[in-house]
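Quick notes on the structure that follows.
The values are calculated or read from the model by the stated rules, or taken from the named source; none is laboratory data. Please read all numbers here as calculations on a predicted model, not as lab measurements. All Cβ positions, glycine included, derive from the backbone under ideal geometry; neighbour counts span all protein chains shown. SASA here: full protein model, heavy atoms, side chains in, ligands and nucleic acids out. Shrake-Rupley method; radii C 1.70, N 1.55, O 1.52, S 1.80 Å.
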Amino acid sequence: MKQICIIGFILLVFSMIFGGCASQKEKQERVILKYVQQNFDMDMQKDNCVFIIAEKGCIGCNKELSKFASQFVDMQRVYYILNAKGTIVDISPYWEAKKQEQISTDSLKYFDKNELPDSYAIFIKNGKVDTILLSSADKVFDTEQYVIKRIEDNR
């Protein structure tokens, strides 16, 4: 009986821990989809890439993601949300883009208020958030390779 109680307790703790992670992820997805739907004329059924460029968090990571993301400016189905002023991260390539309708400025700090203050590469497909990649120092190379492959596969 004691073993069953211990096993039950362990299962309860794991469900609380992992259940909390799932709900946080679902909240992030809702926040992202709401912003995208309100600010872009995007075919949500196709595979789209959305970069959120920010200045909070890892400064080097944010700079690297912005530099990396800027190579896709003016590509079809690649969108940008600028949650940066340009004082720390260079956002000038986005102002020079031809497809300004694919670039939005988060001037109301919507992502900061909704606990998404970092830089991300996000993929939306079939009306849902498919992938969220946080710009981080330990995964920057893997993230860049994944994004390149995914964007090139959808040309």
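So for region 65-143, Kirkwood radius off the Cα pairs, Stokes-Einstein at 25 °C and 0.890 mPa s: how many µm² s⁻¹?
Rounded, D is 181 µm²/s.
Quick check: net charge around V147, other residues with Cβ under 15 Å of its Cβ, Lys/Arg +1 and Asp/Glu -1? Walk me through the numbers before you get to the answer.
Numbers: positive: K67, R77, K125, K139, K149, R150, R155; negative: D47, E64, D130, D142, E144, E152, D153.
Spelling it out: positives minus negatives among the neighbours equals 0.
Roughly how much of S92 is accessible, in Å² to the nearest 10, using a 1.4 Å probe?
S92 has an accessible surface of roughly 50 Å² with all protein chains in place.
Could you tell me which GluC sites (Glu not before Pro) in region 85-155 are loop residues by DSSP with no more than 15 other beta carbons within 10 angstrom of their beta carbon?
Sites meeting the loop and neighbour criteria: E96, E115.
Viscosity 1.306 mPa s, temperature 10 °C: Stokes-Einstein D of the chain from its Kirkwood Cα radius, in µm² per second?
95 µm²/s
What net charge is computed for the residues neighbouring K63, neighbours being all others with C-beta under 15 Å from the C-beta of K63, Lys and Arg scored +1, Asp and Glu -1?
On the way: positive: K56, K67, K85; negative: E55, E64, D90, D118, E144.
Local charge sum for K63: -2.
Starting from the amide H of T131, placed 1.01 Å from N in the peptide plane, find each other amide H under 5 Å away whose residue is 5 or more places distant or on another chain.
Under 5 Å from the amide H of T131 lie the amide H atoms of F123, each far enough along the sequence or on another chain.
Which length gain, in nm to one decimal place, applies between D47 and K149 when the Cα-Cα distance is subtracted from 0.36 nm times their residue separation?
That pair, D47 and K149, stretches by 35.5 nm at full extension.
Specify the angular offset, from 0 to 90 degrees and rounded to the nearest 10, of the alpha carbon long axis of helix 2-39 from the longest principal axis of the alpha carbons in the chain.
Between the helix axis and the principal axis of the chain, the angle is about 20 degrees.
Distance cut-off 28 Å, Cα to Cα: go down the list K113/K149; K67/K109; K25/K98; K27/K98 and report the pairs above it. Mind dumping the intermediate values first?
Details: K113/K149 32 Å; K67/K109 22 Å; K25/K98 33 Å; K27/K98 32 Å.
Listed pairs above 28 Å: K113/K149; K25/K98; K27/K98.
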